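Undergrad: Pasting a structure here, questions to come.
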Amino acid sequence: MTLEEITTRIADLAWGPWLLILLIGGGLYFLIRSRFIPYRHFGHALALVAGKYDAADDPGHVRHRQALATALAGTIGMGNIAGVAIAIQLAGPGAIFWMWLTAIVGMSTKFFTCSLSIMFRGKDSEGMLQGGPMYVITEALPRKFHFLAYLFAAVGMVGCLPSLQTNQLIQILKDQLYIKQGFLAADADPFYFNLGTGLVLAVLAGMVIFGGIVRIARVTGALVPLMSTLYIVAALIAIFLNIEQIPSALTLIVQDAFSGDAVAGGSVLAVILYGVRRGAFSNEAGIGTESMAHGAAKTREPIREGMVAMLGPLIDTLVICTMTALMILLADNWSGDAEGVTMTAQAFGTLLGPVGEWIVLIAVVCFASTTIFTYSFYGSQCTAFIFGSANAKWYQLIFISFVGIAGTLSMNTAVNLIDACFALMAIPTMVSAILLAPHVTEAARIYWQNLNSTTQPQA
């Protein structure tokens, strides 16, 4: 049995109907319990991101905007560019509908999980304030639940390795740059090219990764908004030029969501499961990784960071994933031989010409890089929780080494590795959030009461 076959079986087993119930059912529970708060206060969330409520003496490491950018850096990119293409290729256009659903309920999930990451921050072995599911569990739940914290951290060390990010970055460099420019023959053995490119990327990544969360936040805070805007504007131009085809594309997504006829052989459950699977990868709601980024925010008010965090699924799944899906469906190249990010690049090229392919290339380089930086922070936090902060540097060395070799893996192996780990990470995150949800609803009640009575809630 090959490595790809092994990882496929593990990922398919992990992403069973039970996980669908946990993620979607849990998200609906949060949505109802919060009385739709994430959807009623967009203006306040935007004010927080704009820095209206920032205070220099608040505990934490980065501003609200930087925390959001760091979290988005972990999701925008491979989940939104390659992940959408993979979803459509393997489960048909209907998978996009279920990705939308994960984003809608995922907004409420992120509101709860990221509020908790501030509410129950802990200190690492060096006395630094940290957030994330492992600290939420150990700080707020009885000892009998603490094994969940170590489960999350142990699996997170593997799940945060940059398998798909590096794999797809190297793939688009090879397909859209080196082969098209004549630097590499199309039929050449890609192993040494993939390995060599991976080693170069490893060196470049190390320059940022060893700077810690502050440097990562600065880089992602600069690159993510710029590249997101460029990608969205390019997609909007293509959509506007083909506006008459949009209704049929949207109709295809909705119809296939409940039939599965396009690819999945009529299995609606297969379409749902894969859509939720890719949706979880695109926005990470309920997985727990995003809680580590938002847990580093400078704030005394947990609800503030929850409000900022809930913008994530809106931006990365409902906006950027939808743009990518429409481009692929308009180009009608989803049933061809292209895989992952190459399919997306081809779609942009079909609709916008050579400039479209260059936009995707630049976007993938930036997004994949920022995701790699962010994942290194996540993995280091998991390592520090189990082995102490002093040993996180050894994980960073392993992480950077993995950047060098990840390009030699097949795309399916890279996807399956992340999927399997994310499924296991969702268990501690969602269980702890469900158990502690009353703390968030009570804090939210007090927060909005104070905000309405004083312009600034009390700490």
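Undergrad: Check cross-link reach from LYS393 to the lysines: straight Cα distance under 21 Å, and skip same-chain residues fewer than eight apart.
TA: The reachable lysines, counting only those whose Cα sits under 21 Å from LYS393, are LYS123.
Undergrad: Still on this structure: Between helix 268-283 and the chain, what is the angle of the helix's C-alpha long axis to the longest principal axis, kept within 0 to 90° and rounded to the nearest 10?
TA: Rounded to the nearest ten degrees, it is 70.
Undergrad: Next question. 222 nm [θ] for the chain, helices only, -39500 (n - 2.57) per DSSP H run of 4+, per residue, to 500?
TA: -23000 deg cm²/dmol
Undergrad: Can you give me the C-alpha center-to-center distance between the range 292-338 and the range 391-450, rounded to a whole angstrom?
TA: First find each Cα centre; the distance between them is then 15 Å.
Undergrad: I want the local charge near ASP58. Using Cβ-Cβ distances under 15 Å, sum +1 for each Lys or Arg and -1 for each Asp or Glu among the other residues.
TA: Neighbourhood net charge equals +3.
Undergrad: Give the cross-link partners of LYS52 among the lysines, using a straight C-alpha distance below 17 Å as the criterion and excluding same-chain residues fewer than 8 apart.
TA: Those lysines meeting the cut-off are LYS298.
Undergrad: Using Cα pairs under 8 angstrom and six or more residues apart, how large is the relative contact order of the chain, in percent?
TA: With pairs under 8 Å counted, the relative contact order is 37 percent.
Undergrad: Next question. Helix 411-454: angle to the longest alpha-carbon principal axis of the chain, degrees 0 to 90, nearest 10?
TA: 40 degrees
Undergrad: Let me ask something additional. If you take Cα extents along the principal axes in Å from the coordinates, which of (i) 61, 48, 41; (ii) 76, 49, 32; (iii) 63, 55, 47 do you get?
TA: Correct label is (i).
Undergrad: So, one more: Summing Lys, Arg as +1 and Asp, Glu as -1, what charge do residues with Cβ under 13 Å from the Cβ of ILE76 carry, ILE76 excluded?
TA: Its environment carries a net charge of -3.
Undergrad: Roughly what angle does helix 212-241 make with the longest principal axis of the chain, taking Cα atoms, 0 to 90 degrees, to the nearest 10?
TA: Helix 212-241 sits at roughly 50 degrees to that axis.
Readers should treat all values here as calculations from the given coordinates under stated rules, not as data from a laboratory. Everything numeric in this text was worked out from a predicted model, so none of it was measured. So basically every Cβ, Gly included, is an ideal-geometry build from the backbone, and we count neighbours across all protein chains shown.
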